[in-house]
1. For peptide A:35-41, what's the mean number of Cβ atoms from other chains within 10 Å of each residue's Cβ?
2. Using the per-residue mean of other Cβ atoms lying within 10 Å as a proxy for protection, in what order, highest first, do the peptides B:245-256, A:298-309 fall?
3. Rounding to the nearest 20 debye, state how big the charge dipole of segment B:4-181 is about its Cα centre with +1 on each Lys and Arg Cβ and -1 on each Asp and Glu Cβ.
4. Taking 2.2 N^0.38 Å as the expected size of a compact globular protein, what ratio does the Cα radius of gyration of segment B:4-181 give against it, to two decimals?
5. Take the alpha carbon atoms of segment B:81-95, find their center, do the same for segment B:161-175, and report the distance between the two centers in whole angstrom.
6. At 7 Å along Cα-to-Cβ for each site, give me the label-to-label distance between A:Thr329 and B:Asp319 in nm.
7. At 0.36 nm per residue, and after removing the present C-alpha to C-alpha distance, how many nm does the segment from B:Glu226 to B:Ala311 gain when stretched out fully?
8. Run the count for the protein assembly as shown, please: Lys pairs, Cα-Cα under 25 angstrom, 8 or more apart or on different chains.
Amino acid sequence: MAKALHTHPQAREGDDNSIGSLVDAHGLLTPEAERDAAVSDDQLRELYRMMVICRRLDQEGLNLQRQGELGLWGPYVGHEAAQVGAALAMESTDWIFPYYRDFAMAVCRGIDPGNILTIFRGLTHGAWNPYEYRFAPFIIPVGTQVPHAVGFAVGCKFDHEQTAVLVGFGEGATSTGDWHEAMNFAGVFQAPVVFLCENNQWAISVPVEEQIAGRIVDRAAGYGFPGVRVDGTDVLTVYAVVRAAAQHARQGHGPVLVESVAYRLQAHTTSDDPTRYRTDADLDPWKGSDKDPIERCAERLRQRNAYDDTFAVAVAQEAEERASAMRQTLVAARPPHPESVFDLVFANPPASLMRERDEFTSSLEQGGAE
Amino acid sequence: MTGVTLGKALNLALHDALQSDSRVVMFGEDVGNLGGVFRVTDGLQEEFGRERVFNTPLAEATIAALALGMAMKGFRPVAEMQFDAFSYPSFQQVTSNIAKYHTRTGGAVNMQLVIRIPYGGNIGAIEQHSESPETYYAHTAGLKVVTPSTPADAYGLLLGAIKDPDPVIFLEPKARYWMRQDIDIPAPPLPLDRAQVVREGRDATLIAYGPTVQTALLAAEQGESEGVSLEVVDLRSLSPLDMDTLAASVRKTRRAVVVHEAPVFMGLGAEIVAQLMHDLFDVLEAPIERVGNATIPYPPSRFEKLFLPDADRILEAVDRTREY
């Protein structure tokens, strides 16, 4: 009988977990691993800078929604370390497949945040070219983007590229069939995927203990590859662990699951009302500076003597400017001609669809003439 | 090539596509050294290797999603679903992601992929092996849906589907896998949006596709012996519909019967009838008839033939249009 086709038998043991040993029982980078990671002061300052900018953009997104400029906003405050740490850990040649909350990852990839917001203003379904930023579109049906990343990564492997593919999702996604299938396929094909679970402990109103029995991180072993659970409020840990996981994937050792544990400090989206299912007291353990990704990063920088007021003020100033620029871009964005929706359905559209477009256009023109 | 079955014609098309384009890959359940449960991929893994033709785990949603990801990476995936009713776990990926991805990326990413699905009944099988899910797919914007009725069309349409830059649901009439025909290969790909008049006639048009085209031709033959001249149009493409070809035929015959295995209720015939009634209201001599299944789960195979279109039911429908 033929052997399994795409596996390296030696890499199929879930207990081969050198990446797991990077962190201690609290999910924090061990002193040894921190030394080996050799993250420079400048790199840590960059992580800090992007987290401050992204938090300010998140606040601006919320403001814009409340002011009626956006139909919807999905806040990511509390996720800054996970998203910025993971996005900056990937090489520019790597790919990222985000879920809908991964706005900060998109910003880290250089996509203009004002353009991204045009999706939530109802102007477009697609605001960037994925090939330009190596950043796939936000996917709304929960968990369904996870196997896309696996397919793309299998392609990278077949093309003999040294490319890793990061896929983001929440803990709720780990209940979906697509997530389990994707984990299994990734294990079987030894696909170069980094699965990043942003466990914020809430899937809209459902708390993690009603979502999951056991630990998400432990599921990796069942699919034959390593998993590591990290403190998702410590950007240095996320950065170092995801970087190691991506390297592991790029070198052909197969996938890694990284479970980043933090807390969703805001509503699921602006359409949500968290007062119906949780209290302020629930948030208290996560509100202190010891759980704040930005404060923690500042503290690490202070310990390195790499943080001062000049730096902090400059970053804050830049964040203000970028929030303002995002607002201006959004408000200035003109809707495309409605007719354009017909042109984006197919690469090679059938004549019947073009006739529908022409009928639509002429009915618009007639309507305008009345 | 003489006596080529429809299944073999598909195999030859896959072979030629794999050979002429190194980016074509083929995967699904049991498509490796088994050659698929219908042997459509027979010998392909052996010839092209395990990175071109490969088995996947048994999970249809991710088979579809794998096609999406690989298409995005620049491959031209051909994914196989084992049976019609086994394609449903992939429905979310197909309708929510594959069909919408071109739009969702502002037109930057093409979903150049094919999902092959054997469909239809009349093989004495259990219910999940006999369904006709075409309307689900045809109703979804962003998908093209085609189905061949002969070995020659199977070859040409599959090549056309693989070359097309958009996602194509390729429905294979499994009851016709063993139908034989002499075909010329290699042959050029067929266009994906054209119906074909497969028999000329004067008195009424039979509109059929996939497995029912041969049934319609049989009915036309029988009709001729009874003095009724029937035209038969093979849709080939279920989305888009080639209404120009249909309208030209019905303009001539002034009567029509749509034939499919799927339930009549909300079936493809409903759309065809609506469009013909709208465009040819003044020309039609009678309401257009539909022949298809009742609104029931696929019946037990021992009496499936009572629910499948046959020549008698088709000719009865023709009579109704002539006696109106």
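Every read-out reported here was derived from the displayed coordinates using simple, explicitly stated rules and does not represent laboratory data. Keep in mind that what you see is a predicted model, and the values were worked out from it rather than measured. For neighbour counting, all protein chains shown are included, and Cβ atoms are generated from backbone atoms with ideal geometry for every residue, glycine included.
1. Partner-chain Cβ atoms within 10 Å, mean over residues of A:35-41: 0.
2. In decreasing order of mean packing, B:245-256, A:298-309 become B:245-256, A:298-309.
3. 380
4. 0.94
5. So the separation of the two Cα centres works out to 14 Å.
6. 7.1
7. Gain on stretching B:Glu226 to B:Ala311: 29.3 nm.
8. 15
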